[in-house]
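This report refers to the structure that appears directly beneath it.
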Amino acid sequence: MIISINWLKQLTDITLPIDELATLIGARLVEIEEVIDLGVKYKDVVVARVVSAQPLEGSDHLNVVRIDDGGAVQDIERGEDGLVQVVCGAPNVREGLLVAWLPPNAIVPETCGSDEPFVLGARKLRGVMSNGMIASARELGLWDEHEGILELDKDLAPGSSFAEGYELNDYLLDIENKSLTHRPDCFGVIGFAREVAAIQGRSFETPGWLLDMNVDFGEKQGEVSIPRVAIDDTNLSARYEAVVLAGADGSAKSPLQLQTYLARVGVRPISAVVDVTNYLMLWSGQPLHAFDYDKLVAEAG
């Protein structure tokens, strides 16, 4: 089990140094196998804006890209307009896109912690100078997606820190799972944060949305059968509810920051519908699933 300190901070103040906090948690709650400094992976990643992207002559997929990093990176070759040139082969690179740029001398996050971390440089590709690289999700060590570069969805300033923009300047606690089996109330972020608050001698307030489960979904719209739920063994499950929601786009992506929170604790982002169920499950420690209504009805019928 992986616990994000930045996730805990959304529920309780944490002012102790990470080593001291980890020691207290290990002594009073659960065994911690490792404390991971996630921010180290992203310390060199810079937010940049694509100003232009032109096909590289003689290539069927490479583009000569000029990016604006706000002048943040020093000792790098720039044009008279202050822009930096990068050769990029991603099919989705285009003018106006906000991207994660790895300048020369940066370590590719995907290789951090390996025996041979890959350090980028400034080199020529097809005779054209390329300064570092524009990174995909895989190259950033987030999740295994390499079909194109990562498209940032926040209005961040060129030259700002990617880690700060997406709260990746984080520490992760790698929990020894067996030592937590007797505390199912701590399987979710909320329960774990409650214990961390107590360990620090701080008060804690459970989020209101978790306390009020009587949600009014309004009147039924359209010809939709109301789902029926039966619990065969109340010793295993005291409560299970189902609701039909309309208008969900199964292909839509969730916000990138939400995706990074899933990824940092070992859950691969899939789509907005799947991601929100996993996100809430990690918050609460309670299982939550999304089903395709038409397929579910077809199976039941």
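Per residue, the accessible area of the chain comes to 58 Å² when a 1.4 Å probe rolls over the protein heavy atoms.
Extension gain, M281-C112: 0.36 nm per intervening residue step, less the Cα-Cα distance, totals 57.9 nm. In the range 178-301 the Cα-Cα distances spread across 10 Å bins starting at 0 as 10, 31, 37, 18, 4, 0 percent of all pairs. Angle of helix 272-284 to the longest C-alpha principal axis of the chain, folded into 0 to 90 degrees and rounded to 10: 60°. Here the calculated FRET efficiency for T234 and D60, from their Cβ-Cβ distance with R0 = 45 Å, stands at 0.10, rounded to the nearest 0.05. Computed over the chain, the percent of Cα pairs more than 24 Å apart is 62.
Remark: spin-label model distance A252-K178 equals 4.5 nm, labels positioned 7 Å along the Cα→Cβ axis. Helical content of the chain, expressed as a calculated mean residue ellipticity at 222 nm, amounts to -5500 deg cm²/dmol (DSSP H runs of 4 or more residues, -39,500 (n - 2.57) each, divided by residue number, nearest 500). Classified by the C-alpha gyration tensor, the range 65-153 has an oblate form. Its axis ratio a/c, with a ≥ b ≥ c, is 1.5 or above, and a/b does not exceed b/c.
Over the range 58-127, what is the mean sequence separation of C-alpha contacts under 8 Å (at least six apart), divided by residue count, expressed as relative contact order in percent? After rounding, I find 25 percent.
Extension gain, N214-E33: 0.36 nm per intervening residue step, less the Cα-Cα distance, totals 61.2 nm.
Phi angles of the range 158-170 translate, via the Karplus equation with coefficients 6.51, -1.76, 1.60 and θ = phi - 60°, into HN-Hα couplings of x, x, 7, 7, 4, 4, 5, x, 10, 6, 8, 7, 10 Hz per residue; Gly and Pro are given as x.
Couplings 3J(HN,Hα) for the range 31-42, derived from phi with the Karplus relation 6.51 cos²θ - 1.76 cosθ + 1.60 (θ = phi - 60°), are 7, 9, 7, 7, 10, 9, 8, 5, x, 4, 5, 10 Hz, where x marks Gly and Pro. Taking Lys and Arg as +1 and Asp and Glu as -1, the other residues whose beta-carbon sits under 15 Å from that of E77 total -1. Close amide H partners of Y171, meaning residues 5 or more places away or on another chain with modelled amide H under 5 Å apart, are I5, N6, L38.
Dimensions of the range 155-247 along the principal axes, based on C-alpha atoms and rounded to the nearest Å, stand at 51, 43, 26, largest first.
Each Cα pair under 8 Å and six or more residues apart adds its sequence gap; the mean of these over the residue count of the chain is a relative contact order of 21 percent. Surface composition of the range 1-149: carbon and sulfur make up 45 percent of the accessible area, probe 1.4 Å. For the range 1-92, pairs of C-alpha atoms spaced more than 19 angstrom apart make up 61 percent of the total. Scanning residues 5 or more positions from M133 or on other chains, those with amide H under 5 Å from its amide H are L102, with H placed 1.01 Å from N in the peptide plane. So for the pair V244, N105, with labels modelled 7 Å out along Cα→Cβ, what separation do we get in nm? Placing both labels 7 Å along Cα→Cβ, they lie 6.1 nm apart. In this structure the amide hydrogen of V51, modeled in the peptide plane, comes within under 5 Å of the amide hydrogens of R66, I67, D68, G96, none closer than 5 places in sequence on its chain. Scalar couplings 3J(HN,Hα) for the range 126-138, obtained by applying the Karplus form with A = 6.51, B = -1.76, C = 1.60 to θ = phi - 60°, are 6, x, 10, 5, 10, 9, x, 8, 9, 9, 8, 4, 5 Hz; x denotes Gly and Pro.
In this structure, V119 and E164 have a Cβ-Cβ separation that, at R0 = 25 Å, corresponds to a calculated FRET efficiency of about 0.65. Each peptide in 91-98, 191-198, 155-162, 133-140 was scored by the mean count of other Cβ atoms within 10 Å over its residues; highest first, the order is 133-140, 191-198, 155-162, 91-98.
The values are calculated or read from the model by the stated rules, or taken from the named source; none is laboratory data. Just so it is clear, the model here is predicted, and its values are computed rather than measured. Every residue, glycine as well, gets a Cβ built from its backbone with ideal geometry; the counts of neighbours run over all protein chains shown. Areas reflect the complete protein model, heavy atoms only, side chains present, ligands, DNA and RNA absent. Shrake-Rupley method; radii C 1.70, N 1.55, O 1.52, S 1.80 Å.
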